[in-house]
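Peer 1: The structure that follows is given in the form of structure tokens.
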Amino acid sequence: MRRSLRFLAPAVLVLAGAVSFGQSNVLEVEIGSARGGDFSAADAAVREFNKDLARLSRNYRLTNQAAGLTSDRIQFSMPSVVWLTQNGKRLAPPEPSGPRNGAPLVLQFDNSGSRAFPAEYRQVLESVFNTAQTTLTAIFGPPSVGGVVRVLNFDADIGDRDAVAGGYYVPNNGMGQPEIRFPVYNAPETAAVNFIHCLLLAYLGPSGYEYDALSEGLVRATTIRVSRIPAALPAQFNNPASRETIELVLANSYDVGAFYDWNNQRALGGRRFIAPNLRNVPLPPGGSLGGIFLLRYQMAGSAWQKVLVEYPSFPAEINSRAYLNPAIRTDIGAFLTAAQASIDAIGGSGSTVEGLPFADWFARQYILQTYDTLGLKLLMRVIPLTSELGPNEFSVFIIEGNYFETRAGGNELLLSGTAFPIFWEPSFNRVFPSTQDDRMTISGAYGAVVPTFPNLFSGSNYRMAVDLPVADRLARVYLPVGAIARGSSAKVNNFYGTVIGAENVPGGSISVRLTYGSGQNVTIPVQNGAFGERIDSEVYNLPGRTEIRVIRTVSGVETTLLTRRVNKALGALGVDLKVDANRVFQLVDLPLGLSMIGVPVQTLSSSPSELLNVPVSQLLVARYNAARLQYDLWPDSGAFERGFGYFVRMPARQTVNLPGTVDPRIPVSVALRPGWNMVSVPNVQNTSLGNITVTVGTAFPVSFSDAIGSSLGADFFEFQQDGANPDTGSMIPANSFQAGRGYFVRCLSSTGATLTFFPSGMVGNRAGPPPPVAPEPEPGFYRFLGEFRVTRAKTSVSAQFGQHSAGTMGFDPRLDSQLPPGLGGLQASFGAGNPQFRQVVGMKDKPDFIFKIEGLHNGKPYQLRYTSLVSKAPPIQLFPISGGQPIILQPGQEITLMANGTTAQFIVRAASGGTR
Amino acid sequence: MKPILALFAVAVLIIVWGCGGAGGGTTTTTNNTTTTTTTGGNFGEGYVLDVRTGGPLAQPATVAAGSFQAQTEPDGFFRVEANQGATSLNVSTPSTVGYGNWSFSTDPIVGTVDVGDLWVGPERVQLQGRVIDVLTNQPVAGAVVKFAGRMGTTNSSGRFTLSEVAYTSQTQATFWGIPILVSAATYVSSEFSAEPNVAINGMVEVGDLGITPIGDDTPPGIPFNIWGRINPLSAAPGTTVRCLQNGTEIRQFTVGSDGRYFLWVPPGMYTLRFQNGPLSAPDVQVELEKPNQVLRVDATLQ
């Protein structure tokens, strides 16, 4: 029975004839009970898939064209593996028609009929296979299953030629045969590159890796490598024009080129490159990419290309192991062990990738993180404009924001919103390049601005830090302004980047030394944290190993501050150099029970379970979500993000190590959304309030104290665990940000705000930290401000009350401050209604302050101390609401209260001559 | 350069570059204020976007403000001249797109006004819900609700209805990503998503949207996945709630004056025990299947 194919909402994708992206990059097509010969449903599914990709490709091409990066002649491709499934289960792998592992593929073309290619085109494909086969096998290893693979012309079925994006591989066409279904490309070079890709998928056959990052990444990296070996392709492509076309095809869909460091961001990670729910969503015709999956494909190709630069036969090594041991294809631990064994087999024991053991290197490539993390994701992509600049344009970048939310099952929600990019010059003053770039409208997950950065330093390069805050997410990249291309010059540099954390000294200078090829050196001065140079060397232009050192020179004496090895791609290389960036931050003696931690580093792992060393079954992590007004409980809380605070519940006292990276000796920002935010210092240094600025929308940054009452609440709070019950505690006001601790900060601005934490010392043009802005005195004055502090054992809480000339009986965010409702722990507060940490009234008000203590342990003694904080607080009378004699307290006095319940409440009234 | 000088230099540069903006005006900026003076007319500017794709329409749309018209650019952006104080814009989608004509209300257009994103689509639905105060659960009247270029105000019951909202039944990938913006005097402005609601008979009901008073906002309590109220409230303070697993107590919470308890536990089977002096409630067996599942278990002391 034939089942028609239906494109349905994700929730009903499992219906007959529907398609979905299941695990890995495999396109799964459910054919229902039809096992027989009519597979038009599968074809239709793949046609639609390819049509989507083609539209994406056109848009992407337009974007790149605008950036001067590509020509319009290039077609994109996104070949994929298609599995036919029946009742949700994959059809059995094909019975090999020839020898299994080690045997070559035998391509079988139709000689006539609708599936036959034009003779000339078929000749090209056969020629590509015949020429490339030896190279493919050498680099990728022999096919997992040899024998016949049919190659069919599906061009007519795909229909709209402009929409044709690529071919695909079917391990089992329903009749036990693998097939490559391939369109007819206009350009033979495009056909050649894409056919190599399809051939490699056929090499993996039914033994592909379970994760896109591995399967698709290795195939793409190998495609890049094979396509660049002239002898691996037919002679007809061995001419400059064809080579250029091939490079453009690779640049468009296989390789991210010079921009790997900029794009190496956590949002890339996950099990799948295309979210299942977006498979059938049409792509917008504008600049949006409809998600970041094309970048994921490119980054995966580039990441594995780095390995192939050092170990060209790595794919063959790892594949041979994976074909023998299926666990390597599904288990990342097994894969990493096999990968290290593979590079050791090629390069000798203790081999590394870019100077790191394989597992360490792997952990630093976010595109290779196969762990699905939920929650909001923000990725900032930058593309420098290198051509068609106006003569007065110093430096121009396209800055794209990609904003989405990952949901259960890897589905992605394309979010809309507004972002206000913040451009920081090297001394961290905010720069406004032009009014149209102050605001980024994000719709369908995508927004972009194209700022022209000014010539701020008399023609010298400089480093521009770009913060892109959206809701409570913030992405940052460092741009080498003026270091790549300028409108005043035809020169386009091919080695450039930024440096942070390189501390200079008076009379000293900072430079970057690049070693490439067989030891060729070039030393480039670093100006204001940025550098750029044109290296006219064919050796440099090729993919290869490089070593980059950041050097400080004082009186002719060089000190190496950083050595980094980078396996570069073909052409230019951009790097983001961070001196002293690797840290392992310790959360020392995290107690059993509730804690509110802060994450000061960009953790390498995306798994809180791994970082906290708590099994997933016991993992309790939560972060408050002000948009939902409730906690996101793990797994909804996502990966640990630098600058975020989290509640964790540890099953036992434990010191936790958080390995990761920091941005050393430079201000780092955290985004706030309206309402309460759980944040932390995004760095390993404790930070006082004088070293924090607050930026709202398109305004200039202001000091933390200036922001209070306008964009920030009066107080911020930390959590203090209850001494008796580790699963409860109190919110107590804080006065500085300690690294590793989480804090509740309240944002009053409806557009959110950005906190920027300055380190205690800075490099570059700035001699020291930003001038601490003295807290601006409140308008008016206090008559007095007093404090009650309640203490028992190690638990201590406080609350304040007073009179101020600007005070009112109502709530004033500049003077009054709120506290949480009972957390089950000790809590002190003022106010008859919602509890306040500080209640300040006017001079003429004559209130009875209501003082409440909650979370008392019945029968236990508590110390209550009365302190004068501002001016001289008056003596007060304390009337227990439950009745009894009032207690008179002078400032500085302390009394002992014996709890006869869990709550105690008092009326506080000034003694004669006091507040009344 | 001293920091303060650098800052000033930046400010001066803005004056120069500010003229390169959307046109028709000059921007003057000092260290802490920005003044925009627009000359030569009144303009509404924003984007026309397709709810089906999340991006601009495949062909340009026409945006009209009275007798003035403008075409959208490839990215959906438009800038249309308007009579001073105009409060409506009409969007005509091309016949090839087939979404028809759309009318949007805006804030009065005086000078250059950013009217935001105007969403169009193959279907039109009503979006409705209720705005409440999260602390009191009481309806908030007069709250302004904006979504997809539509704007409305809540009535005395806190209810709002936005008509002619762009929608597509094919996918909610974009629709759910458009923020519902809620603002009200003395409340923190908040964003919400229509997810997981879909249109039923041309209506998307998003339920209660809770907003937080500025003056009464409080830091959140502790995280929890099992919680409840102890009844009667008068007897609740001081109640000890114990959480047992296989007979072993693993959590304890002392109920405060709000009468509520909160427990945070990994997935598993638990017994909840309630005791306040001589009063108690029957034990309750609960099963938490996922760490992000939230269970409510109320108890009545006897």
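Read-outs: derived from the displayed coordinates by stated rules, not from any lab. Source: prediction; values computed, not measured. All Cβ positions, glycine included, derive from the backbone under ideal geometry; neighbour counts span all protein chains shown.
Peer 1: Which value, in Å to one decimal place, does the Kirkwood hydrodynamic radius take for the stretch A:649-742 when every pair of different Cα atoms is included?
Peer 2: For the stretch A:649-742, inverting the mean 1/r across all distinct Cα pairs yields 15.5 Å.
Peer 1: Give, as ranges by residue number, the residues of the stretch B:201-244 whose backbone N falls under 19 Å from the point 7 Å along Cα→Cβ of A:Lys860.
Peer 2: Counting backbone N atoms under 19 Å from the label point, the list is B:222, B:237-243.
Peer 1: Projected onto the charge dipole of the stretch A:285-401 (+1 at Lys/Arg Cβ, -1 at Asp/Glu Cβ, origin at the Cα centre), which of A:Gln340, A:Gly401, A:Tyr371 gives the Cα projection farthest towards the positive end?
Peer 2: Checked the options; the winner is A:Tyr371.
Peer 1: Once you have a ≥ b ≥ c as the square roots of the Cα gyration tensor eigenvalues for the stretch A:545-614, tell me rounded if a/c is under 1.5, and otherwise prolate or oblate according to whether a/b is larger than b/c. It would help to have the intermediate numbers written out before the result.
Peer 2: On the way: a/c = 4.32, a/b = 1.95, b/c = 2.22.
The shape class here is oblate.
Peer 1: Further question: Tell me the Rg and the Dmax, in Å, that the Cα atoms of the stretch A:419-565 produce.
Peer 2: That works out to 17.3, 55 Å for Rg and Dmax.
Peer 1: Quote the Stokes-Einstein diffusion coefficient, in whole µm² s⁻¹, for the stretch B:92-173, based on the Kirkwood radius over alpha carbon pairs, a temperature of 4 °C and a viscosity of 1.567 mPa s.
Peer 2: Estimated via Stokes-Einstein, D reaches 89 µm²/s.
Peer 1: Of B:Glu249, A:Glu210, A:Glu120, how do they rank once you tally other Cβ atoms within 10 Å and put the fewest first? Could the numbers behind the result be given before it?
Peer 2: On the way: B:Glu249 11, A:Glu210 19, A:Glu120 8.
Starting with the residue having the fewest Cβ neighbours, the order is A:Glu120, B:Glu249, A:Glu210.
Peer 1: With the Cα gyration tensor of the stretch A:385-436 in hand, convert its eigenvalues to equivalent ellipsoid semi-axes via √(5λ) and list them largest first in whole Å.
Peer 2: Values: eigenvalues 198, 52, 21 Å².
For the stretch A:385-436, the semi-axes come out at 31, 16, 10 Å.
Peer 1: Also, quick follow-up: Using the reciprocal of the averaged 1/r over all distinct C-alpha pairs, how large is the Kirkwood radius of the stretch B:34-170 in Å?
Peer 2: Working: mean 1/r = 0.0627 Å⁻¹.
Kirkwood radius, the stretch B:34-170: 15.9 Å.
Peer 1: Further question: Using Stokes-Einstein with the Kirkwood hydrodynamic radius over Cα pairs, what translational diffusion coefficient do you get for chain B at 20 °C and a viscosity of 1.002 mPa s, in µm²/s rounded to a whole number?
Peer 2: 91
Peer 1: The stretch B:65-112: Rg/Rh from Cα coordinates, Kirkwood Rh?
Peer 2: Values: Rg = 11.4 Å, Rh = 11.6 Å.
Dividing the radius of gyration by the Kirkwood radius yields 0.98.
Peer 1: Report Rg(Cα)/(2.2 N^0.38 Å) for the stretch A:327-393, keeping two decimals. Before the final figure, lay out each step's value.
Peer 2: Values: Rg = 18.9 Å, N = 67, 2.2 N^0.38 = 10.9 Å.
Cα Rg divided by the expected 2.2 N^0.38 Å: 1.74.
Peer 1: Tilt of helix B:3-17 relative to the longest C-alpha principal axis of chain B, in degrees (0 to 90, nearest 10)?
Peer 2: Once rounded, the angle reads 50 degrees.
Peer 1: Shifting gears a bit: If we sort A:547-559, A:437-449 on the protection proxy, mean other Cβ atoms within 10 Å, highest first, what's the order?
Peer 2: Ranking, from highest mean packing down: A:437-449, A:547-559.
Peer 1: Kirkwood hydrodynamic radius, computed over distinct alpha-carbon pairs, for the stretch B:48-87: how many Å, to one decimal? Don't skip to the answer; put the middle values down first.
Peer 2: Details: mean 1/r = 0.0929 Å⁻¹.
With all distinct Cα pairs of the stretch B:48-87 included, I get 10.8 Å.
Peer 1: While we're on this one: So, in Å, what gap is there between the alpha-carbon centers of the stretch A:104-136 and the stretch A:295-363?
Peer 2: With the stretch A:104-136 and the stretch A:295-363 each reduced to a Cα centre, they are spaced 31 Å.
Peer 1: Here is a further query. Please give me, ordered by residue number, the GluC sites (Glu not before Pro) of the stretch A:371-426 that lie in loop per DSSP and have at most 15 other Cβ atoms within 10 Å.
Peer 2: A:Glu388
Peer 1: Something else now. For the stretch A:364-450, what does the alpha-carbon gyration tensor say about shape, rounded, prolate or oblate, given a ≥ b ≥ c as the root eigenvalues, a/c under 1.5 as rounded, and a/b over b/c as prolate?
Peer 2: The shape class here is prolate.
Peer 1: Relative to the compact globular guide of 2.2 N^0.38 Å, what is the alpha carbon radius of gyration of the stretch A:863-905, as a ratio?
Peer 2: This ratio for the stretch A:863-905 stands at 1.26.
Peer 1: May I pose another question? Calculate the all-directions average of the projected area of the stretch A:689-756's alpha-carbon convex hull, and give it in nm². Don't skip to the answer; put the middle values down first.
Peer 2: Numbers: hull surface 20.9 nm².
Here the figure is 5.2 nm², rounded to one decimal.
Peer 1: Let me know the charge dipole size of the stretch B:144-223 about its Cα centre in debye, to the nearest 20, where only the beta-carbon of Lys, Arg (+1) and Asp, Glu (-1) is charged. Mind showing how you got there, number by number?
Peer 2: Numbers: 3 positive and 7 negative charges, 43 e Å.
Dipole size: approximately 200 debye.
Peer 1: Considering every residue in B:176-187, what mean count of other chain Cβ atoms within 10 Å of its Cβ is obtained? Could you put the intermediate results ahead of the total?
Peer 2: Details: counts 6, 13, 6, 6, 0, 2, 1, 2, 0, 0, 1, 2.
For this peptide, the per-residue mean of nearby foreign Cβ atoms is 3.
Peer 1: Cα atoms only, the stretch A:310-442: Rg and Dmax in Å?
Peer 2: Over the stretch A:310-442's Cα set, Rg and Dmax evaluate to 21.6, 61 Å.
Peer 1: Quick one: order A:Phe314, A:Phe420 by neighbouring beta-carbon count within 10 Å, fewest to most.
Peer 2: A:Phe420, A:Phe314
Peer 1: What does the charge dipole of chain B about its Cα centre add up to, to the nearest 20 debye, if the Cβ of each Lys and Arg holds +1 and the Cβ of each Asp and Glu holds -1?
Peer 2: Here chain B has a charge dipole of around 440 debye.
Peer 1: Taking Rh as the Kirkwood radius, which is the inverse of the mean 1/r over Cα pairs, what is the Rg/Rh value for the stretch A:624-696?
Peer 2: 0.98
Peer 1: Please sort by residue number the chymotrypsin sites (Phe, Trp or Tyr not before Pro) in the stretch A:350-436 whose DSSP state is loop and whose Cβ has at most 16 other Cβ atoms within 10 Å.
Peer 2: Sparse-neighbourhood loop chymotrypsin sites (Phe, Trp or Tyr not before Pro): A:Tyr371.
Peer 1: Return one quarter of the surface area of the convex hull spanned by the alpha-carbon atoms of the stretch A:197-316, equal to its mean projected area, in nm².
Peer 2: 9.1
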